[in-house]
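All of the numbers you see were taken from the coordinates with simple rules; none came from a lab. The shown structure was predicted, so the numbers you read here are calculated from the model rather than taken from an experiment. Neighbour counts run over all protein chains shown; Cβ positions are idealised from the backbone, glycine included.
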């Protein structure tokens, strides 16, 4: 059985993703306030994957959390290969890549460690 | 007399506020690195227009802080800014990502400290720079390392009990890094 703290971590990462959408409101402001560039298609990506992570954490569905994590990591890699290019599907930059990557790595690592925790519990029983 | 002595639980346990403060510091420093990843733009990182990372790296040559470092930047970094630029971009993006979620925070605090040293040696003597900006960055990373800030509302705090129980060698490394 996966520890409840893992589900909570998935939930918190999903909430963090949704909260980060506030940075979409800072577009066009000076860099003093426009700290992370969340704009264009990246808004939809973060919203959808963030909600998926919230559902995964709230309903205790680790595979759904993994899917959200893989989605975030995939989008971070997509942003990486499009940095400095004229064609920028997600409309972001290095800060967008870092945010997406952090959320994705977090969700994937929660799944990995959650699996390990289940094995440890089963092994000690 | 006994009524005036606070319960030992209240005296010995760290306040929840201190843990939350560390989490705020960690996320704040993460956002600092995340934002810094936004203006490092490949493929030339500002070399052609003398701006961006190329410009700021060249400040180490124009306004030297440490002569050997300036020589290194002039002869190795600036001629190969495309390579070093990608390295800096990925490093700072990773710093932001890992500090944001509080994963292997102690390791990344050391990396952040080292990267801040490199930045300090580049721009400390540049015009209009406030030297305490860099000293404060260094001190913030010392705090992140010394307090193992990822254990407060970060993934390190969630994962460490599992890593502790795990017989895998990699788990022991992760315990040290967190």
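See the values below:
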| item | result |
| --- | --- |
| Modelled FRET efficiency - R0 45 Å, residue A:33 with residue B:176, Cβ distances, 0.05 increments | 0.75 |
| Estimated translational D of segment B:17-177 in µm²/s (Stokes, Kirkwood radius over Cα pairs; 25 °C; 0.890 mPa s) | 146 |
| For chain A, convex hull of alpha carbons as volume per residue, Å³ | 91 |
| Segment B:81-142 - Rg (one decimal) and Dmax (whole number), Cα, Å | 12.5, 36 |
| Peptide A:10-21, shielding by other chains (average Cβ, 10 Å cutoff) | 1 |
| At R0 = 51 Å, FRET efficiency that the Cβ-Cβ distance of residue A:60 and residue B:139 yields, to 0.05 | 0.80 |
| Point-to-point label distance, residue B:49-residue B:131, nm (Cα→Cβ direction, 7 Å offset) | 3.3 |
| Dimensionless Rg ratio for the protein assembly as shown, taking C-alpha atoms and the 2.2 N^0.38 Å reference | 1.09 |
| Listed residues A:17, A:58, A:86, most fluctuating in chain A (Gaussian network, C-alpha, under 10 Å) | A:86 |
| P(r) tail fraction, segment A:37-102 - alpha-carbon pairs more than 19 Å apart, % | 30 |
| Separation of the residue B:168 and residue A:77 label points, Cα + 7 Å toward Cβ, nm | 2.0 |
